[in-house]
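Notes follow the structure.
The values are calculated or read from the model by the stated rules, or taken from the named source; none is laboratory data. None of the values given here were measured: they were computed from a predicted structure. All Cβ positions, even for glycine, are placed from backbone atoms using ideal geometry, and neighbour counts span all protein chains on display. Heavy atoms of the whole protein, side chains included, go into the accessibility calculation; ligands, DNA and RNA do not. Shrake-Rupley method; radii C 1.70, N 1.55, O 1.52, S 1.80 Å.
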Amino acid sequence: MNRVYIKTYGCQMNERDSEAVAALLRARGYRIVQDENACDVMLLNTCSVRDMAEQKAIGKAGYAAQKKKRNPRFLLGILGCMAQNRGASLLDALPDVDLIVGTQKFHQVPDYLDNLRAAQAAGAPLPTSIVDIAEEAGSQNTIRDHVLEDRQVTAFVSIQQGCNMDCAFCIVPKTRGDERSRPMEEIVRECEELAERGVREITLLGQIVTSYGRRDYAHTDGVTPFVQLLERVNAIPGIKRIRFTSPHPRGFKDDLIQAYGRLEKLCEYVHLPMQSGSDRILKAMNRPYSRDRYRQIVDDLRRVRPDMYFSTDIIVGFPGETDEEFAQTRELFAACNYDMAYIFKYSIRTGTPAADMGDQIPDEVKEARNAELLAILQANSNRRNATLLGTTQEVLVEGPDKKGLGFMGRTRGNRIVHFAASDRLIGELVPVKIDRVSTAVLYGQLELAGVKV
Ligand code: 5AD
């Protein structure tokens, strides 16, 4: 039996990589299952960005390895960032892991599983674990296959791998390697094919999408390759919405800011990682912008789109962060009025410059700073949702909601909306009048003149 359960930790990029692995495995005759208790192969696609993410996956792998006692054919694999980061040393703690596959080798997973199965079938004792964390030229082009659910409306498209920014706190340059972009033609073709299969919203993914293609394509009239790509996707008739993540503030030059005024499918939602509001800390983080420059980008974007939604990433407790420096972050955080934010307590990542900096901040201080920002975020989010009450929002209908009570979709500002609808409307942009809000979600009624739901 070849039932594969894939568990994904971490970012959207990881989700996308898991999906591509699932598509390849299906094509090879494996069955992808959602129930981890009914699988013969478990693959953990891991995250290294904070210690907690690694510990979770290690705990899960240790637990899953016990399945081998009951099922000698059970196979366990660790894929992705932690596999890349720790390689064969993972076997010290987890000797029963059969497969360790890094971030440039996802496409090899079917071959490796086939090899392990063949060895089992031959009755041979399993070879020592397979470990492959090598670099591979062109590996960014291998994340292209999709497993679309029936009537899936949204999809992720990987446009680039790796990052050359070297932020002092970040393990990603080590786990994902150098920045490498996919050819624009291939990305556009993938989006066109997705549109033909019913996808209406594309999220372009990369570790630093604003740098997309910078070594491969020229600027045209001051327009960066990334914005050229946005223009190309905007021109695909079946695609109705475009999002992207994650950009870098340094990528928000005039061409990208203006794109929000002229590309009608580009949703007015920007994830703009701030990390810190202190110039000294930003410098120590090796983030090449100041708090004033960051604020200016937010203001410029709001000038082009007054209804712009913003989200951000913040790290509290970076080594040496004083109370005054944190107060500057808090002040800028409040001033930017975010609709959503991911607030992280600094986590030491061995091998990064910040790991060796003195003056690590105690956990209680990180916790308190984290809580202060969360309280501001919650107030902002409630305030924003209150302003949406009574308005009519354009919603892309994704499908039945989880409870099966009605349907769900998202606004252009990425707010989840629940409403009554019908299957017929899946994939359509519909007006929904918001009549109730909570912190996390909106509720409303379809406003379709003359259309019976
Ligand atoms: N500790 C805490 N947060 C981190 N991030 C990256 N590295 C670390 C770290 N060592 C956060 C950053 C980044 C997000 C994906 O994760 O805010 O933008």
> Could you give every pair whose Cβ atoms fall below 8 Å, whose first residue belongs to the range 348-366 and is outside the structural domain of Val49 (by TED's automatic domain parsing) and near the ligand (Cβ under 9 Å from one of its atoms), and whose second residue is assigned to a helix (DSSP H, G or I) and open to solvent by less than 80 Å² (accessible area, probe 1.4 Å), counting only separations of at least 6 or pairs across chains?
Replying inline: Ile348/Asp51; Ile348/Ala354; Ile348/Ala355; Arg349/Asp51; Arg349/Ala355; Ala354/Ala284
> For the range 425-445, how many residues meet the condition of being at pLDDT 95 or above, of a type outside the set (Asp, Glu) and open to solvent by 30 Å² or more (accessible area, probe 1.4 Å)?
Replying inline: 7
> Limited to the range 277-288, what total is found for residues that are assigned to a loop (DSSP other than H, G, I, E, B) and within 14 Å of the ligand (Cβ to nearest atom)?
Replying inline: 4
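Based on what the data block shows, is Glu179 under 30 Å from Leu282 (Cβ atoms) and charged (D, E, K, R)? Quick ask: steps written out before the conclusion?
Values: under 30 Å from Leu282 (Cβ atoms): yes; charged (D, E, K, R): yes.
Taking the combined requirement at face value, the residue satisfies it.
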>> Being closer than 23 Å to Arg410 by Cβ, more than 17 Å from the chain's Cα centre (by Cα) and either open to solvent by 30 Å² or more (accessible area, probe 1.4 Å) or within 16 Å of the ligand (Cβ to nearest atom) (or both) is the filter here; which residues of the range 145-202 pass it?
In response: Leu148, Glu149, Asp150, Arg151, Gln152, Glu192, Glu193, Glu196, Arg197, Arg200
> When the residues of the range 294-316 are filtered to those that are closer than 14 Å to Ser278 by Cα and crowded, with 22+ Cβ neighbours inside 10 Å, which remaining residue is nearest to the ligand (Cβ to nearest atom)?
Replying inline: Ile315
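For every residue, the table says whether it meets (1) touching a helix residue (DSSP H, G or I) at 6+ places or on another chain (Cβ under 7 Å); (2) farther than 26 Å from Arg180 by Cα; (3) not assigned by TED's automatic domain parsing to the domain that holds Gly409.
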| site | (1), (2), (3) |
| --- | --- |
| Arg200 | no, yes, yes |
| Gly206 | no, no, yes |
| Asn234 | no, no, yes |
| Cys267 | no, no, yes |
| Ile281 | yes, yes, yes |
>> Looking at Glu321, Glu331 in this structure, which one is open to solvent by 60 Å² or more (accessible area, probe 1.4 Å), acidic (Asp, Glu) and either in contact with a Gly (Cβ under 6 Å, 6 or more places away or on another chain) or within 22 Å of Leu374 (Cβ to Cβ) (or both)?
In response: Glu331
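Out of Glu19, Glu15, which single residue is out of contact with any Asp or Glu (no Cβ under 9 Å at 6 or more places or on another chain), open to solvent by 30 Å² or more (accessible area, probe 1.4 Å) and part of a helix (DSSP H, G or I)?
Values: Glu19 fails: out of contact with any Asp or Glu (no Cβ under 9 Å at 6 or more places or on another chain).
Glu15 is the lone residue from the list that is out of contact with any Asp or Glu (no Cβ under 9 Å at 6 or more places or on another chain), open to solvent by 30 Å² or more (accessible area, probe 1.4 Å) and part of a helix (DSSP H, G or I).
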> Considering only the range 2-46, how many residues are free of Cβ contacts under 8 Å to residues at least 40 places away in the same chain and on the phi > 0 side of the Ramachandran plot?
Replying inline: 1
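Kindly provide the set of residues from the range 297-333 that are in a helix (DSSP H, G or I) and of a type outside the set (A, V, I, L, M, F, W, C), ordered by number.
Asp299, Asp300, Arg302, Arg303, Asp323, Glu324, Glu325, Gln328, Thr329, Arg330, Glu331
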>> Residues to consider are Gln66, Gln55; find the one that is within 16 Å of the ligand (Cβ to nearest atom) and more than 23 Å from Ile143 (Cα to Cα).
In response: Gln55
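Residues of the range 334-344 being without any contact (Cβ under 8 Å) to a residue 60 or more places away in the chain and within 13 Å of the ligand (Cβ to nearest atom), which ones? Reasoning before the result, please.
The initial filter retains those residues of the range 334-344 that are without any contact (Cβ under 8 Å) to a residue 60 or more places away in the chain, namely 334-335, 337-338, 341-343.
Once the filter is applied, which keeps residues that are without any contact (Cβ under 8 Å) to a residue 60 or more places away in the chain and within 13 Å of the ligand (Cβ to nearest atom), the range 334-344 yields Ala341, Tyr342, Ile343.
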> Among Leu94, Leu99, Leu75, which is the only one that is open to solvent by 10 Å² or more (accessible area, probe 1.4 Å), among the aliphatic types (A, V, I, L, M) and modelled with pLDDT of 95 or more?
Replying inline: Leu94
> Of these, Glu364, Glu447, which one is under 30 Å from Cys167 (Cβ atoms), more than 27 Å from the chain's Cα centre (by Cα) and not aliphatic (A, V, I, L, M)?
Replying inline: Glu364
> Out of the range 203-232, which residues are within 16 Å of the ligand (Cβ to nearest atom), within 25 Å of Leu148 (Cα to Cα), open to solvent by 10 Å² or more (accessible area, probe 1.4 Å) and not in a loop (DSSP other than H, G, I, E, B)?
Replying inline: Thr203
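Within the range 233-276, track down each residue that is part of a loop (DSSP other than H, G, I, E, B) and open to solvent by less than 20 Å² (accessible area, probe 1.4 Å).
In the first step, residues of the range 233-276 are kept if they are part of a loop (DSSP other than H, G, I, E, B); the result is 235-240, 246-248, 252-253, 263-265, 267-268, 272-274, 276.
Correct list: Ile236, Ile239, Pro247, His248, Phe252, Leu263, Cys267, Glu268, Leu272, Pro273, Met274, Ser276.
Looking for whichever is over 21 Å from the mean Cα position of the chain (by Cα) and hydrophobic (A, V, I, L, M, F, W, C) here; the options are Ile236, Ile208. Which one fits? Show your work before the answer.
Working: Ile208 fails: over 21 Å from the mean Cα position of the chain (by Cα).
From the options Ile236, Ile208, the qualifying one is Ile236.
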